[in-house]
Amino acid sequence: MEKSDAKKESIMEKLISLAKRRGFIYQGSEVYGGLAGTWDYGPLGVALKNNIKGLWWKRFVLDREDMYGMDAALLMNQNVWKASGHVAGFADPLVEDKKTKKRYRADHLLEEAGVDVKGMNLEAMSKALKEKGIKSPEGNELSDVRQFNMMFKTNVGAMEDESSISYLRPETAQGMFVNFKNVLDSFHPKLPFGMAQIGKAFRNEIAPRDFIFRTREFEQMEIEYFVKPTEWEPVFESFVKEVWAFTKDVGIAQEKVSELPIAPADLAHYSKRTTDFEFEFPFGKKELYGLAYRTDFDLKAHSDASGADLSYFDEEAKVRFIPHCIEPSFGVDRTVLAVLSSAYREDELGGEVRTYLAFTPAVAPVKVAVFPLLKNKPELVTKAREVYSTLRKEISGQVLFDDNGNIGKRYRRQDEIGTPFCVTVDFETIEKDNCVTVRNRDTGTQERISLDTLIAYLKGKLV
Ligand code: GAP
């Protein structure tokens, strides 16, 4: 292993360990030995995730006049997934170890052997595996490459027969396509307009891996933006800019993000053009988000399959047509991982090595921590509690009170969870100057700020 690879790997291990130790992310069902491909968000993880989702909702729904929010049911009629093409084609290429019967992603094995799998069909992958003499990780012969449908199947209701089959949705998108007519009828929007939704998605990934990067249960933030068929290109370009802007909102390192236009042979069945946004994760450059031109594929498919009229009437031109769709799709968990990786820092402060998360204030799970200098001095504790309750009312986001351990330990704890500011009440606050010490997470510098101006000071810094 190259030295830089080892370093990247160790950053990932450190991140996973910090995430667990400090209550961001735990292994799913941990006390039972876990459930592969699932992770549970703890108190700080859910706060970070909610902040990210809030910024997304603000940018793409609240700050726009042309967007309609949605929260569709997770279980949908099986015909949705037949019409969308997922029952027939939402599959990954799979090979089986002939001895152990374990299954692997054929494209991953080929990529690990240095083969560029872009544009390869199943036959070409089987051929390449044979030509390269690729074996399973256990060193056994592999089967030919087959398709493996990634949707989780379930039955709805008391009967377990063909008619009761449903699937846990593998994308939130379809919940919007099947509600297109409802939104049209309720709000009469004019094109272009979009629908936006945040919610869970499920995929039975053959090889979940890399912490929360590839999981079997995850969250998506998706937009289906409807346009006139001739007007999709400038809208696509404008969403390229919006995706970049969102990465900045949440504090993702801009130099680690890049665009990857997807080759025609690799496009999803519904797409005529896709640009992936990749991020340099500690384990390599991988897909963060996707932006696709889905044409009229979905509305047309649901119109044909259901018989519902999903067309749009253009009052000015007096023509009826099925709108085309641009879809920016964001994974919440990949955003969390990119934000954590971007924020992770190790430095030396006061002669000691420290680890901290340099979150942008908008995503930081805790905005301010308030301490009394000493825990056993009631007058300091009372004053610090007073400051704490004022800040809790005034600051939007979580404010913490902490009197455990000495002040140095409290700073380290807050640094590790990425709290931008710590406020300490000391004897001078009470006896002398009505000022508190405000300590900056990134620089470690401290300022005396009057309690009269503290709220304005913090609000100014936390935007
Ligand atoms: N509606 C389009 C769609 O679902 P996708 O590229 O399959 O497209 C969109 O998924 C985004 O969802 C990805 O860019 C990624 O951020 C996230 N995502 C997909 N599969 C995931 C998984 N197994 N674990 C975590 N996030 C995933």
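Of all residues in the range 257-316, those satisfying the criterion of being over 20 Å from MET221 (Cβ atoms), open to solvent by 20 Å² or more (accessible area, probe 1.4 Å) and aromatic (Phe, Trp, Tyr) are PHE283, PHE297, PHE313. Residues that are closer than 13 Å to PRO93 by Cα and either within 16 Å of the ligand (Cβ to nearest atom) or of a type in the set (Val, Ile, Thr) (or both) within the range 120-146 comprise just one, VAL145. Scanning the range 256-272 finds one or more residues that are over 24 Å from GLY37 (Cβ atoms), of a type outside the set (D, E, K, R), touching a helix residue (DSSP H, G or I) at 6+ places or on another chain (Cβ under 8 Å) and away from the ligand (no atom under 12 Å from the Cβ).
Taking the condition open to solvent by less than 30 Å² (accessible area, probe 1.4 Å), touching a Cys at 6+ places or on another chain (Cβ under 9 Å) and more than 12 Å from the ligand (Cβ to nearest atom), does VAL240 pass?
Spelling it out, it is not the case that VAL240 is open to solvent by less than 30 Å² (accessible area, probe 1.4 Å), touching a Cys at 6+ places or on another chain (Cβ under 9 Å) and more than 12 Å from the ligand (Cβ to nearest atom).
Within the range 203-213, the set of residues being crowded, with 21+ Cβ neighbours inside 10 Å, within 9 Å of the ligand (Cβ to nearest atom) and either more than 11 Å from the chain's Cα centre (by Cα) or without any contact (Cβ under 8 Å) to a residue 12 or more places away in the chain (or both) comprises ARG203 only. Take LEU451 and tell me if it is open to solvent by less than 10 Å² (accessible area, probe 1.4 Å) and either over 20 Å from ALA343 (Cβ atoms) or among the hydrophobic types (A, V, I, L, M, F, W, C) (or both). Spelling it out, it is not the case that LEU451 is open to solvent by less than 10 Å² (accessible area, probe 1.4 Å) and either over 20 Å from ALA343 (Cβ atoms) or among the hydrophobic types (A, V, I, L, M, F, W, C) (or both).
One line per residue, one yes/no per condition, for (1) touching a residue at least 40 places away in the same chain (Cβ under 8 Å); (2) more than 10 Å from the ligand (Cβ to nearest atom):
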| site | (1), (2) |
| --- | --- |
| LEU288 | yes, no |
| HIS302 | yes, yes |
| ALA305 | yes, yes |
| GLU316 | no, yes |
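The set of residues in the range 107-130 being of a type in the set (S, T, N, Q) and either surrounded by 19 or more Cβ atoms within 10 Å (Cβ to Cβ) or touching a Leu at 6+ places or on another chain (Cβ under 8 Å) (or both) consists of SER126 alone. Could you please let me know if GLU231 is surrounded by fewer than 18 Cβ atoms within 10 Å (Cβ to Cβ) and either within 10 Å of the ligand (Cβ to nearest atom) or in contact (Cβ under 8 Å) with a residue 12 or more places away in the chain (or both)? Here the answer is yes, as GLU231 does meet what is asked.
The values are calculated or read from the model by the stated rules, or taken from the named source; none is laboratory data. Here the structure is a predicted model, which means the values were calculated and not measured. With ideal geometry, Cβ positions are generated from the backbone for all residues, glycine too; neighbour counts draw on all protein chains shown. Surface areas here come from the heavy atoms of the whole protein model, side chains and all, with no ligands, DNA or RNA. Shrake-Rupley method; radii C 1.70, N 1.55, O 1.52, S 1.80 Å.
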